[in-house]
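Just below is one structure, and these are the notes that go with it.
The values are calculated or read from the model by the stated rules, or taken from the named source; none is laboratory data. Given the structure is predicted, the values throughout are model-derived calculations rather than measurements. Accessible surface is based on the protein model in full, side chains and every heavy atom, while ligands, DNA and RNA are left aside. Shrake-Rupley method; radii C 1.70, N 1.55, O 1.52, S 1.80 Å.
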Amino acid sequence: MKNRTEATRKLNSSITKKVIELQDIGYDFDFLLLANGSLLCMQNNRTYLLNSVSVRQREHGYDLLSQTYKHVHTIETGNGERGVLLTEKSLR
């Protein structure tokens, strides 16, 4: 059990560390992938079509708690908003 907990903590800290690094360099907004495929910016409630923003995958790994892969993406909109999107699927 100890190894599983350590592995989970390591993965979660890896993802957390990446998100903090991105926030430190200006990716201040948080995005949510909606069921219709568009993105919602949590800070200003604006929605964006996925094909209207720049998406780049930055980190991924397996989360033992949810038993899913987690992907950290950066989002850049046409009006200068930069943020982070955490999903269970890659958007590449």
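At-a-glance table
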{"read-out": "Under-5 Å amide H pairs with Asp28, H placed in peptide plane, nonlocal only", "value": "Arg82"}
{"read-out": "Under 5 Å, built H, 5+ apart or other chain: amide partners of Arg58", "value": "Val72, His73, Thr74"}
{"read-out": "Fraction of accessible area attributable to carbon and sulfur, the stretch 42-92 (%, probe 1.4 Å)", "value": "45 percent"}
{"read-out": "For Asp63, residues with placed amide H under 5 Å, excluding near neighbours", "value": "Thr68, Tyr69, Lys70"}
{"read-out": "Rg and Dmax [Cα atoms of the stretch 29-75; Å; Rg one decimal, Dmax integer]", "value": "12.0, 33"}
